[in-house]
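The structure under discussion appears below in the form of structure tokens.
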Amino acid sequence: MRIAVIGAGFTGLTAAFELTKKGHKVQIFEKDGYGGGLASGVRRAVADYPDEWEWDLDCFYHHWFTGDREILDLVAELGLSKRINVLRPTTATWINNRFWQLDSPWSLLRFSPLPVLSRFRMGCILAYLKYLQRTSGVSWMEKLSAKDWLSRMMGEKAYRVAWESLFIGKFGQDYRAINLAWFWARVNKRTSRLVYFEGGFGDLVEILIEKIREKSGEIAFNRRVREIFNSGQGIWLEDEDGKKEGPFDRLIFTGSLPTVLELMHDLPEAYQNNVRSQRMLGALVLILALDKPFMPGVYWLNIGEEDWPFLSVVEHTNFVDKAHYGNKHLVYIGCYLSDDDPRIKMGKEELAVLFAPYLQRINPQITKETITTSSRWLFRNKYAQPVVGLRHSEKIAPLRLPTDNRVYVATMSQIYPWDRGVNYAVEMGKRVSALIDEGSLE
Ligand SMILES: Cc1cc2nc3c(=O)[nH]c(=O)nc-3n(C[C@H](O)[C@H](O)[C@H](O)COP(=O)(O)OP(=O)(O)OC[C@H]3O[C@@H](n4cnc5c(N)ncnc54)[C@H](O)[C@@H]3O)c2cc1C
């Protein structure tokens, strides 16, 4: 079959890889000038990446968990398992003007902002969620707000001190409605040992693209698709320069769910309303390249304070050796944003000035000038985090379009209850390609 794939993120690349292996003729259309989507590397995304840096840095901070089977299996299939590094970096939370390591039962027991009994109670609840299996889980959990359930089970104070700022930072005004199944999925799947791909995830993207090309798959960069339509003989697409491609026997769209409505105009009203009811938040990261370490050995710092302008500080070089990046200390300052947030329009310098006083609380030695002059790259994506409210399973869009069962929509809004991630993009890519290859009609 002749198949079009829109998007060269991990979902699109995996689907294309699987379909080319089965002998289908696949063409990928990607709006950016490089592959990888949210997991792309800085080297190909900017013009000023230092040539002497040995490894590619990720545009948005990335790691995998040791239980991320789908992506680890794909890496093994590509013969690259020797490039997998499993590490145990430190994760902490910033509360009451200091670091609190919070990445194991033992560190939780030392978490003195809460009374001993509260710590123990929180530990029991997290252990319960960790070992609760999916079969007994999602349907009852998705009817409950995570905030309400956690406050009740851990105690109001424990929830407020340890979790509330993180929920607000991640979901903004929607945080009260986030369902418990989403929280369970995070606790259940996460491991304290983390995985990094030697050379950076951008390197893996390039290898995958090469494999697709070896099997006669084609990939066209800088081709933003603006319309998908049915000509009667097959499916066609049109890019933003008005160039038409087709006819295709099948088409997979792997961008974000809300953009489906911009590309296809004959969708039933119920489908449109359902998509419109699913909010997504954007993400922003400012990357600092510093000459000195920023945090004392901490890789991941969650900000547990109210009203800070960022949610996390990720010191990549406390996870991966700085020698791979010209001995620079690389720090991501990250936050999630709704459409109307003023930070969405701010430039690198403006954000550095906004973040500086808060970064100085974490590291009083760093000057405002160092922060502004070391701010190297800024990455933003409008559709980064699906908001999963109550009974979200009822909203999951089908993989096949109701109006045309040759058109598939495979996005991060459809992997629920799991949180967005490369592992689930690979799983989604495999799922949609298997459906197409089997030619089954659900
Ligand atoms: C801040 C942040 C941190 C993250 N950290 C991690 C992590 O540590 N570990 C992890 O596993 N995951 C992480 N993720 C999530 C992970 O990156 C994504 O879930 C995954 O990469 C999604 O892959 P995808 O292919 O489904 O979508 P995307 O990566 O969004 O790819 C979609 C592609 O489609 C293209 N596209 C969209 N519309 C069009 C169009 N009209 N025409 C042509 N092309 C189009 C886009 O340019 C893009 O390349 C993180 C995400 C963010 C935002």
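Condition check ((1) buried (at least 18 other Cβ atoms within 10 Å of the Cβ); (2) within 22 Å of TYR325 (Cβ to Cβ)) across all residues:
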{"position": "LEU288", "(1), (2)": "yes, yes"}
{"position": "GLY297", "(1), (2)": "no, yes"}
{"position": "ILE303", "(1), (2)": "yes, no"}
{"position": "LEU311", "(1), (2)": "yes, no"}
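Take ILE396 and tell me if it is within 16 Å of the ligand (Cβ to nearest atom) and of a type in the set (A, V, I, L, M, F, W, C).
yes
This table checks each residue for (1) within 6 Å of the ligand (Cβ to nearest atom); (2) open to solvent by less than 30 Å² (accessible area, probe 1.4 Å); (3) not basic (Lys, Arg).
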residue: HIS24; (1), (2), (3): no, yes, yes
residue: GLY35; (1), (2), (3): no, yes, yes
residue: ALA39; (1), (2), (3): yes, yes, yes
residue: ARG44; (1), (2), (3): no, no, no
residue: ASP56; (1), (2), (3): no, yes, yes
residue: HIS63; (1), (2), (3): yes, no, yes
residue: ARG69; (1), (2), (3): no, no, no
residue: GLU77; (1), (2), (3): no, no, yes
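To keep it simple, each residue is scored yes or no on (1) outside the structural domain of VAL409 (by TED's automatic domain parsing); (2) modelled with pLDDT under 95.
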residue	(1), (2)
LEU166	yes, yes
TRP236	no, no
ASP239	no, no
LYS244	no, no
MET264	no, yes
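Starting from residues that are in a helix (DSSP H, G or I) and in contact (Cβ under 8 Å) with a residue 24 or more places away in the chain, keep the ones in region 150-163 and report whichever is nearest to the chain's Cα centre (by Cα). First the steps, then the outcome.
To start, the set of residues in region 150-163 that are in a helix (DSSP H, G or I) comprises 150-154, 156-163.
After this cut, where a residue has to be in contact (Cβ under 8 Å) with a residue 24 or more places away in the chain as well, the list is 150, 153-154, 157-158, 161-162.
Values: LEU150: 24, MET153: 29, MET154: 28, LYS157: 30, ALA158: 27, VAL161: 25, ALA162: 22 Å.
Restricting to residues being in a helix (DSSP H, G or I) and in contact (Cβ under 8 Å) with a residue 24 or more places away in the chain, the top hit is ALA162.
Among the residues of region 261-281, is any more than 15 Å from LEU401 (Cβ to Cβ), hydrophobic (A, V, I, L, M, F, W, C) and buried (at least 17 other Cβ atoms within 10 Å of the Cβ)?
Scanning region 261-281, I find at least one residue that is more than 15 Å from LEU401 (Cβ to Cβ), hydrophobic (A, V, I, L, M, F, W, C) and buried (at least 17 other Cβ atoms within 10 Å of the Cβ), so the answer is yes.
Spot the failing condition for PHE379; the list is (1) in contact with a strand residue (DSSP E or B) (Cβ under 7 Å, 6 or more places away or on another chain); (2) open to solvent by 60 Å² or more (accessible area, probe 1.4 Å), and only one is missed.
The single condition PHE379 does not satisfy is (2).
How many of the residues making up region 45-101 are of a type in the set (D, E, K, R) and under 18 Å from GLY326 (Cβ atoms)?
6
I'd like to verify a number: residues in region 369-416 that are within 26 Å of LYS345 (Cα to Cα) and either at pLDDT 95 or above or not in a loop (DSSP other than H, G, I, E, B) (or both), how many?
So the answer is 21.
State all residues of region 196-212 that are under 24 Å from VAL46 (Cβ atoms) and of a type outside the set (Val, Ile, Thr); if no residue qualifies, say none.
Passing the criteria: TYR196, PHE197, GLU198, GLY199, GLY200, PHE201, GLY202, ASP203, LEU204, GLU206, LEU208, GLU210.
Matching residues to (1) away from the ligand (no atom under 16 Å from the Cβ); (2) open to solvent by less than 60 Å² (accessible area, probe 1.4 Å):
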residue: PRO342; (1), (2): yes, no
residue: ILE362; (1), (2): yes, yes
residue: GLU369; (1), (2): yes, no
residue: GLY421; (1), (2): no, yes
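Here is a check on your reading of the model: is ALA352 within 16 Å of the ligand (Cβ to nearest atom), closer than 27 Å to PHE201 by Cβ and not assigned by TED's automatic domain parsing to the domain that holds ASP48?
Answer is no for this residue.
Could you check region 400-415 and list, in sequence order, the residues that are open to solvent by 20 Å² or more (accessible area, probe 1.4 Å) and within 16 Å of the ligand (Cβ to nearest atom)?
Matches in region 400-415: MET412 only.
Return the residue satisfying two criteria in turn: it lies in region 297-340 and is among the β-branched types (Val, Ile, Thr) and closer than 18 Å to LEU102 by Cβ, and of such residues it is farthest from the ligand (Cβ to nearest atom).
Quick first cut of region 297-340, residues among the β-branched types (Val, Ile, Thr) only: 298, 303, 313-314, 317, 320, 331, 333.
Next cut, closer than 18 Å to LEU102 by Cβ only: 298, 303, 313-314.
Details: VAL298: 16, ILE303: 14, VAL313: 13, VAL314: 9 Å.
Here the answer is VAL298.
Just checking, which of SER136, SER40 is in contact with a Gly (Cβ under 8 Å, 6 or more places away or on another chain) and either modelled with pLDDT under 95 or of a type in the set (S, T, N, Q) (or both)?
After ruling out the rest, the residue left standing is SER40.
Each row is one residue, and each column tells you yes or no for (1) open to solvent by 40 Å² or more (accessible area, probe 1.4 Å); (2) among the acidic types (Asp, Glu).
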| position | (1), (2) |
| --- | --- |
| TRP182 | no, no |
| SER192 | yes, no |
| VAL195 | no, no |
| GLY200 | no, no |
| VAL205 | no, no |
| LEU208 | no, no |
| LYS215 | yes, no |
| GLU227 | yes, yes |
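Pairs under 7 Å by beta carbon, first residue aromatic (Phe, Trp, Tyr) in region 408-436, partner open to solvent by less than 20 Å² (accessible area, probe 1.4 Å) and part of a helix (DSSP H, G or I), six or more apart or different chains?
TYR408/VAL432; TYR408/ILE436; TYR416/HIS392; TRP418/ALA185
Would you please name the residue that is farthest from the ligand (Cβ to nearest atom), looking only at residues in region 220-267 that are polar (S, T, N, Q) and either within 22 Å of TYR383 (Cα to Cα) or in contact with a Gly (Cβ under 8 Å, 6 or more places away or on another chain) (or both)?
Of everything passing the filter in region 220-267, SER231 is farthest from the ligand (Cβ to nearest atom).
The values are calculated or read from the model by the stated rules, or taken from the named source; none is laboratory data. Model, not experiment: these values are computed from the prediction. Quick reminder, even Gly has a Cβ in these numbers, built from the backbone with ideal geometry, and neighbours come from all protein chains shown. Only protein heavy atoms, including side chains, enter the accessible area calculation; ligands, DNA and RNA are left aside. Shrake-Rupley method; radii C 1.70, N 1.55, O 1.52, S 1.80 Å.
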